[in-house]
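Structure first, commentary second.
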Ligand code: NG1
Ligand code: ZN
């Protein structure tokens, strides 16, 4: 490669402006957009190296998801459509933090250590959310790609899960789908319409939903779905402000609704009406409704996961095939949801650390792995062998017509799902499919079990790395004695549970607590927070 170009671009166009080190965390790099130019340039370089190393195309998404509009961020997508492999996160951190005149040395280092062949032509798929800072950051990123003679393919404004999907489609030689927006809409909406059939309403289910687009990319993209879906689902869209109005995620969107446990601004308050919110890059989904007392009832990632797991379990049982289905949750999953799924549904649950990559890999251990974070980020993964088993069973003449019908249905459900990563729109279409098939209102869905009241708090501390955890983050190891103190406090609360962990995306510690009443959950979180502070 031409190291002179790499250095000249760095020095003249994208010099390192920040003195502090940044770290490639659970969601890649995230910071104030004005500090990210040089990081983007360097991620462009790294993306080309990753693509050459993997001998495939990779993706780079520019987004800060649910964070405020002035923030931005970047994450790399591996050829299989998954998050960047963990061992490369260290390279990403190294690339982002070296001085401009050390960049070339780091490139030499990685190339020789990993034996990367530098002559390959590679394509890098680039996507961005609606933040006003995204176009100039995309330019910096593309400069990095070009400096190492990679070929940037600009997908413009897309949702994060769309870009994951495109990357996987490209690398699977279109076996998974066509890597275009149209290909994506067509695949998902065709599956949805097939599953819905001729009658759009069923029992207590009515095919109208209020959709909060968080004034972001989800609002833009849902319009295409509405066109494809016709009358089968009526999506009334709210919070679709223009780019640059500063309203992205502001008092609306999935994170706001989940954290504040409240109804978003900008959506009409219609009693008992099913509503949902997505976040700024449309990978998280939360359902909710207002009761006659104007109380907001949330149906979060845990509920969505259980609805899906239960439905898939029933569907697969009707095919007559044996299947190993499991659910993956994090420590933030409501205790009532874990009890319901393990004790009532007899579906095994595994726990993973916070961060979608951990859940995704844990879920891949099952033939059907359903995973969701309580905040509404998740999807379902199916083992390749399981899909093949289904296709093979279609040819088995000893199975009944009902069984064949059920197998076809499971295959169509798989087509409705974006297996690469949590996808708010695909997840919404799946939830709508299940509610329709069961003839359920959102209230029927909620009745399955009662969530334990809970509270999530943020605590600012001097050095959050002083806290370390184990047992999928549910037990604190350091500082010494903290876990004992938490245990003593928790023991005083009925159905009490609480844990602390350092955030992977913000400079703070999160404290989670649940208990038999909201007052007690609030009190418990406060008591534990005081021990952390
Ligand atoms: P941190 O900041 O590590 O808690 C948050 C979310 C994660 C995940 C990441 C990435 C909570 C409690 N944590 O991580 O679930 O979504 O951001 O966006 O919601
Ligand atoms: Zn997001």
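The values are calculated or read from the model by the stated rules, or taken from the named source; none is laboratory data. Just so it is clear, the structure is predicted and the values come from calculations on it, not from any experiment. Here the Cβ positions follow ideal geometry from the backbone for every residue, glycine too, while neighbour counts run over all protein chains shown.
How many residues are without any contact (Cβ under 8 Å) to a residue 40 or more places away in the chain and over 30 Å from the mean Cα position of the chain (by Cα) when one looks only at region 3-24?
5
Do we have any residue at all in region 262-273 that's in a loop (DSSP other than H, G, I, E, B), buried (at least 20 other Cβ atoms within 10 Å of the Cβ) and in contact with a helix residue (DSSP H, G or I) (Cβ under 6 Å, 6 or more places away or on another chain)?
Among the residues of region 262-273, at least one is in a loop (DSSP other than H, G, I, E, B), buried (at least 20 other Cβ atoms within 10 Å of the Cβ) and in contact with a helix residue (DSSP H, G or I) (Cβ under 6 Å, 6 or more places away or on another chain), which makes the answer yes.
Show the residue pairs that are 6+ apart or on different chains and have beta-carbon atoms under 8 Å apart, the first residue being within region 485-512 and within 16 Å of ligand 2 (Cβ to nearest atom), the second being not in a loop (DSSP other than H, G, I, E, B).
What qualifies is 503/458; 503/464; 503/509; 503/510; 504/25; 505/25; 505/30; 506/458.
Pull up region 204-222, narrow it to residues that are more than 22 Å from residue 435 (Cα to Cα) and either outside the structural domain of residue 287 (by TED's automatic domain parsing) or in contact with a strand residue (DSSP E or B) (Cβ under 8 Å, 6 or more places away or on another chain) (or both), then point me to the one that is surrounded by the most Cβ atoms within 10 Å (Cβ to Cβ).
Taking the candidates together, the pick is 214.
With the structure loaded, tell me whether residue 80 is under 21 Å from the mean Cα position of the chain (by Cα) and away from ligand 2 (no atom under 16 Å from the Cβ) or whether it fails that test.
So residue 80 passes the test.
Starting from region 51-65, take each residue that is more than 19 Å from residue 41 (Cβ to Cβ) and list its partners that are within 16 Å of ligand 2 (Cβ to nearest atom) and part of a loop (DSSP other than H, G, I, E, B), counting only C-beta distances under 6 angstrom and pairs at least six apart or across chains.
65/279; 65/280; 65/281
State all residues of region 422-448 that are farther than 16 Å from residue 275 by Cα, at pLDDT 95 or above and surrounded by fewer than 23 Cβ atoms within 10 Å (Cβ to Cβ); if no residue qualifies, say none.
437, 438, 439, 447
Take the residues of region 135-150 that are touching a helix residue (DSSP H, G or I) at 6+ places or on another chain (Cβ under 9 Å) and farther than 16 Å from residue 76 by Cβ: which is surrounded by the most Cβ atoms within 10 Å (Cβ to Cβ)? Lay out the reasoning, then the answer.
First, pick out the residues of region 135-150 that are touching a helix residue (DSSP H, G or I) at 6+ places or on another chain (Cβ under 9 Å): 136-150.
Checking which are farther than 16 Å from residue 76 by Cβ leaves us with 136, 139, 143, 146-147, 149.
Values: 136: 15, 139: 15, 143: 20, 146: 17, 147: 27, 149: 15.
Checked region 135-150; the qualifying residue surrounded by the most Cβ atoms within 10 Å (Cβ to Cβ) is 147.
Going by the structure shown, is residue 41 more than 16 Å from ligand 2 (Cβ to nearest atom), modelled with pLDDT of 95 or more and surrounded by fewer than 24 Cβ atoms within 10 Å (Cβ to Cβ)?
Judged against the criteria, residue 41 is not a match.
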